[in-house]
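The values are calculated or read from the model by the stated rules, or taken from the named source; none is laboratory data. Being a predicted model, the structure only gives us computed values, none of them experimental. Here the Cβ positions follow ideal geometry from the backbone for every residue, glycine too, while neighbour counts run over all protein chains shown. Areas reflect the complete protein model, heavy atoms only, side chains present, ligands, DNA and RNA absent. Shrake-Rupley method; radii C 1.70, N 1.55, O 1.52, S 1.80 Å.
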Amino acid sequence: MKNIYTNIYTFNKKILKKTVKSLNQGNIIGLPTETVYGLAGNAYSKKAINKIFKLKKRPIKNPLIIHYHSIKRAYEDVIFNDNFFSLYRKYCPGPITFVLKKKKKSRIHNLATADLDTVAIRFPNHNLIRSILKVINFPLAMPSANISSYLSPVSAYDVFDEFKKKLDIIINGGQSKIGIESTVVDLTSKPRILRPGIISPTEIKKNLRIKLSKKKTNIKSPGMMKKHYSPGIPVILGKKPTNQKYAYIVFGNKFANKGNYFNLSKKSDLKEAASKLYKTMRTIKKSGFKKIFVSKIPNYGIGIAINDRIKRSAK
Ligand code: TXA
Ligand code: MG
């Protein structure tokens, strides 16, 4: 069979060079991270940021996360505070994003931050992206590599699914280990979770030794928009399917993993369930099922993030 995936590359020195050259020219590439795959471009370049929004069909009001190799570089763009240092020390590099005040002299393009005076920053923990971030002299603006409001990709082939040949380079870094997007925490005032993730609110509270703010935000961000993470077919919560044409996503050992049943974790492991969620939904859609029913998933720890994504995918 003819190989259609000609823009998917295995990482090596030659590809690193090609990638850096492409990013320097203001192009956008598909990159793996430990959470989900991203669409990466130079955060200082208007041309690159424009391309990201266009490719994703993303509303320009939704700011992007800016990715760094180290704290030294991020210092040029944002104002750090004690809560940031506590969480950075504990979790970075890792699946957590911090919203901080933007420095006046920051070179991050205003389009990337949707004209806000804050910036969301993250230090991803995947050796491929870290080796790229180490050798370029700008941070990477990088949203999840999917068309706006659809499922995030967790493999290079998922990215291809979304953008086909519109990207010159998609780097294959294997399956994303975590499988759902980073926890977003606003640290510009009393800490507040904007998007739950694998690092749970309880963990963050424990680490900062304070209560988190529950105040609603007026910042429009896709993580907070109601319709998001859609697999492209209807998702129905808390019910069993009435026929075999419908898929059933289940959790725990009382369920099989065959036919139209898709078990996220037979051993009731929420981390495993999170890592399989998007992949499972994508497989179901591709297999031709017309609807997805989802059984109950415990709503604590990582379960909070899983249920958040499932709820939004059902809107
Ligand atoms: O795991 C992740 O975070 C992935 C990987 C690729 O790093 N990225 C990701 O980006 O999920 P995206 O664009 O799909 O989601 C970014 C989230 C959105 O909810 C966005 O609104 C929010 O971060 N965000 C970005 N900048 C913000 C800001 N200044 N204030 C509040 N929220 C912000
Ligand atoms: Mg996204």
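Scanning the range 177-204 for residues that are of a type outside the set (Val, Ile, Thr) and either in contact with a helix residue (DSSP H, G or I) (Cβ under 6 Å, 6 or more places away or on another chain) or within 16 Å of Leu270 (Cα to Cα) (or both) yields Lys177, Gly179, Glu181, Ser182, Leu187, Pro191, Pro196, Gly197, Ser200, Pro201, Glu203.
Taken over the range 275-290, the residue count meeting the criterion of being within 18 Å of Val159 (Cβ to Cβ) and either free of Cβ contacts under 8 Å to residues at least 24 places away in the same chain or assigned to a loop (DSSP other than H, G, I, E, B) (or both) is 2. Only residues that are under 9 Å from Met142 (Cα atoms) and not aliphatic (A, V, I, L, M) were counted in the range 43-74, giving 1. Counting the residues of the range 58-92 that are without any contact (Cβ under 8 Å) to a residue 40 or more places away in the chain and either farther than 17 Å from Leu187 by Cβ or in contact with a Pro (Cβ under 6 Å, 6 or more places away or on another chain) (or both) gives 2. Screening the candidates Ile96, Ile147 for the property of being of a type in the set (Val, Ile, Thr), farther than 21 Å from Glu76 by Cβ and under 16 Å from the mean Cα position of the chain (by Cα) yields one hit, Ile147. In the set (1) modelled with pLDDT of 95 or more; (2) away from ligand 1 (no atom under 12 Å from the Cβ), the condition left unmet by His67 is number (2). Evaluate the range 136-147: report whether one residue or more is of a type outside the set (D, E, K, R), modelled with pLDDT under 95 and more than 9 Å from ligand 1 (Cβ to nearest atom). Taking every residue of the range 136-147 in turn, none turns out to be of a type outside the set (D, E, K, R), modelled with pLDDT under 95 and more than 9 Å from ligand 1 (Cβ to nearest atom). For the range 160-212, a residue qualifies if it is farther than 27 Å from Leu128 by Cβ, in contact with a Pro (Cβ under 8 Å, 6 or more places away or on another chain) and open to solvent by 40 Å² or more (accessible area, probe 1.4 Å), and the qualifying residues are Ile193, Ile210. Take Lys215 and tell me if it is modelled with pLDDT of 90 or more, more than 16 Å from ligand 2 (Cβ to nearest atom), charged (D, E, K, R) and open to solvent by 20 Å² or more (accessible area, probe 1.4 Å). No; evaluated as a whole, the condition is false for this residue. The residue pairs whose first member lies in the range 178-199 and is without any contact (Cβ under 8 Å) to a residue 24 or more places away in the chain, whose second member is crowded, with 22+ Cβ neighbours inside 10 Å and of a type outside the set (Gly, Ala, Ser), and whose beta carbons are closer than 6 Å, counting only pairs six or more residues apart or on different chains, are Ile193/Val185. Only residues that are among the hydrophobic types (A, V, I, L, M, F, W, C) and more than 16 Å from ligand 2 (Cβ to nearest atom) were counted in the range 130-149, giving 5.
If I go through the range 265-312 residue by residue, how many of them are among the hydroxyl-bearing types (Ser, Thr, Tyr), within 19 Å of Ile198 (Cβ to Cβ) and surrounded by 17 or more Cβ atoms within 10 Å (Cβ to Cβ)?
Of the residues in the range 265-312, 4 are among the hydroxyl-bearing types (Ser, Thr, Tyr), within 19 Å of Ile198 (Cβ to Cβ) and surrounded by 17 or more Cβ atoms within 10 Å (Cβ to Cβ).
Out of Phe262, Phe255, one residue alone is open to solvent by less than 70 Å² (accessible area, probe 1.4 Å), in contact with a strand residue (DSSP E or B) (Cβ under 9 Å, 6 or more places away or on another chain), farther than 20 Å from Pro234 by Cα and not small (Gly, Ala, Ser). It is Phe255. Among the residues of the range 251-282, those identified as modelled with pLDDT of 95 or more and of a type in the set (Phe, Trp, Tyr) are Phe251, Tyr261, Phe262, Tyr278.
The rows are residues; the columns are (1) in a loop (DSSP other than H, G, I, E, B); (2) of a type in the set (A, V, I, L, M, F, W, C).
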| residue | (1), (2) |
| --- | --- |
| Thr6 | yes, no |
| Lys14 | no, no |
| Lys18 | no, no |
| Lys21 | no, no |
| Gly30 | no, no |
| Thr35 | yes, no |
| Leu39 | no, yes |
